[in-house]
Amino acid sequence: MKPIRLMAGFLTVGFWTLMSRILGFVRDIVIAAKLGDGPVAEAFVVAFSLPNMFRRFFAEGAFNMAFVPIFSKKLESGEDPQGFARDAFSGLASILIVFTLLAQLAMPWLVLAMASGFRADGRFDIAVEFGRIAFPYILFISLAALLSGVLNATGRFVAAAAAPVLLNVILVSSMLIATLVGGDFGTWLIWAVPVAGIAQFVLLWVAASRAGFRLIPRRPVLTPDMRKLAGIALPAMLAGGVVQINLLVGRQVASYFDGAIQYLNLADRLYQLPLGVVAIAIGVVLLPDLSRRLAADDTEGGSRAFNRATEFALLLTVPAAVALVAVAEPIVSVLYQRGAFSAQAAARTAEVTTIYGLGLPAFVLQKVLQPLYFARHDTKTPFHFAVVAMVINAVVAIAGSFLIGFYAAAWATTLAAWAMVVLLWLGSRDMGDAARVDARLRRRAGRILIASLAMGAVLLGTESLLGDWLYTQHVRFLALALLVGSGIVSYFAVAQLIGAASLGEIRRSMRRGAKTD
């Protein structure tokens with residue numbers, strides 16, 4: 001069985017996720033410039049969010065959290081992992097085909113569930129039309145997520161990590177073509193969504209076939225393994241449903257304030273850059289590694305994997321959070337303020353970005369703590385914790401909206417994320433040595449915080465020195481590059497100096513990452 005190199009896997013997945021997020025920025029910059037915070041932009045955000053919401057519910061969330069540990073253990077023991085994967089593939093495909101057809105009929109109600117504030121204006125009809133076009137994306141991307149789980153469990157990360165790049169390549173290309181041929185911008189953009197889903201599915205199906213897992217759908221059969229999978233997945237689905245309710249509450253609140261859905265969406269894209277790079281890398285690599293180590297009774301290896309994953313999360317997430325809090329305004333202004341996206345819209349987006357930045361470490365730490373439960377087939381406990389977080393989210397978002405408007409939705413997300421981390425941490429204290437914090441992590445965590453605060457001071461000083469250059473049309477990208485560069489250099493310089501990180505260790509892991517697949 002191919003071994004999983006933890007840090008090399010983190011860096012491999014992180015690199016490709018970074019490429020996808022950069023292209024995602026290009027996509028959102030163009031959308032903001034062309035559509036601003038108007039009705040077509042908000043309709044696209046809601047329509048695109050629908051399949052992505054259910055994708056996280058069905059595939060990347062509940063289903064894969066149940067599938068990957070069982071599949072990993074079958075790989076470890078040689079108990080027909082191919083047959084199990086094929087049965088899971090067939091069952092998931094059958095459910096999703098039926099679900100996609102039903103969603104086409106229920107699309108008006110789904111849009112209202114996402115954004116009932118659209119009911120009174122033209123955004124509603126556009127969102128329903130766009131939703132029907134985009135929704136088949138869930139079928140292809142969910143099956144692609146299962147194929148990613150197969151590849152990741154075998155220690156092959158490149159194809160699965162690179163697949164999301166296709167989505168943004170196709171979306172950006174569609175917008176360029178629409179501009180060149182003079183087509184309707186929104187129509188070209190929304191039709192690119194299902195096309196991107198097909199492209200990602202094909203890429204991963206071919207990669208899995210080359211890895212020895214050629215999954216051909218067959219008539220679904222409720223085998224004992226499928227019953228076990230369903231039993232583990234159901235609580236995870238409920239937990240995933242709670243998370244999606246949190247998103248729905250925030251979007252519902254935002255739908256009653258003009259432009260707010262777009263502000264939250266663009267701020268979400270900014271904090272999703274570090275969140276995606278770090279959290280996705282950890283979630284993809286850590287769960288199969290922990291599952292295989294627990295199956296082999298390797299407590300020491302499991303503890304090492306958990307602690308190094310936490311260290312990796314803090315090393316990249318804490319400075320990113322400090323940066324989003326310290327210099328959100330110039331970042332948002334340079335990236336988004338142009339064309340139809342006004343200075344006022346940029347200022348509101350920056351304020352939301354700052355709030356999300358405060359919650360960024362919590363979003364990532366959840367991805368470190370949850371595999372401790374899922375690797376043990378415990379999906380019920382995280383569900384109970386998610387319910388508590390949901391209540392906090394709903395109370396803060398709805399009650400807060402009467403006091404601070406749509407900003408309450410962002411504060412609710414951040415506070416609920418920290419509540420979830422506290423609950424997951426407390427719940428893991430009875431898991432033994434595999435979930436204990438080691439001396440190296442305790443030593444480095446404080447030093448990471450010191451290096452991050454030092455970087456924050458450098459960022460604020462550099463922002464002051466650059467002054468109006470950050471808002472001057474022809475030099476602002478260069479000025480932003482200087483600002484970001486000063487932060488990166490200062491952070492890693494201080495981190496190396498005080499022992500918060502070892503650049504030599506990172507370089508060695510990067511070299512191993514190049515050989516991961």
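Computed quantities for the displayed model
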{"quantity": "For the chain, size of Cβ-based charge dipole, Lys and Arg +1, Asp and Glu -1, in debye", "calculated": "1360"}
{"quantity": "Leu102-Ser209 pseudo-label distance in nm [points 7 Å out on the Cα-to-Cβ vector]", "calculated": "3.2"}
{"quantity": "Hypothetical label at Leu478: residues of the stretch 321-354 whose amide nitrogen lies under 18 Å (7 Å Cα-Cβ projection)", "calculated": "334-335"}
{"quantity": "Cα gyration tensor shape for the stretch 17-130, rounded if a/c is under 1.5, else prolate or oblate", "calculated": "oblate"}
{"quantity": "In the chain, lysine pairs closer than 30 Å at Cα, eight or more apart or cross-chain", "calculated": "17"}
{"quantity": "Stretch gain in nm, segment Val437-Trp191, where the contour uses 0.36 nm per residue and the Cα spacing is subtracted", "calculated": "83.8 nm"}
{"quantity": "Positive-end extreme of charge dipole, the chain - chosen from Phe492, Leu75, Tyr471 (charges on Cβ)", "calculated": "Leu75"}
{"quantity": "Packing-based ranking, highest mean first, of 176-186, 115-125, 308-318, 391-401 given that Cβ atoms within 10 Å are counted", "calculated": "308-318, 391-401, 115-125, 176-186"}
{"quantity": "Positive-end residue, the chain charge dipole about Cα centroid, Cβ charges, pick of Ala93, Pro39, Ser148", "calculated": "Ser148"}
{"quantity": "Rounded, prolate or oblate (a/c below 1.5 giving rounded, otherwise prolate when a/b exceeds b/c) for the stretch 329-488 by Cα gyration tensor", "calculated": "oblate"}
{"quantity": "Ordering of 427-433, 493-499 by packing [mean C-beta count within 10 Å, highest first]", "calculated": "493-499, 427-433"}
{"quantity": "Simple label model, 7 Å out from Cα along Cβ direction - Ala113 to Ser77, nm", "calculated": "3.7"}
{"quantity": "Net charge contributed by nearby residues that have their C-beta within less than 9 Å of Lys74 (K/R +1, D/E -1)", "calculated": "-3"}
{"quantity": "Relative contact order, percent, the chain [alpha-carbon distance under 8 Å, six or more residues apart]", "calculated": "22"}
{"quantity": "Dipole of the stretch 6-513 [Lys/Arg +1, Asp/Glu -1 at C-beta], most positive-end residue of Met390, Leu18, Trp411", "calculated": "Leu18"}
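Rule-based calculations on the coordinates, nothing more; no lab input. Treat the numbers as computed from the prediction; the structure is a model and nothing was measured. Please note: Cβ atoms are built from the backbone with ideal geometry, for glycine as well, and neighbour counts cover all protein chains shown.
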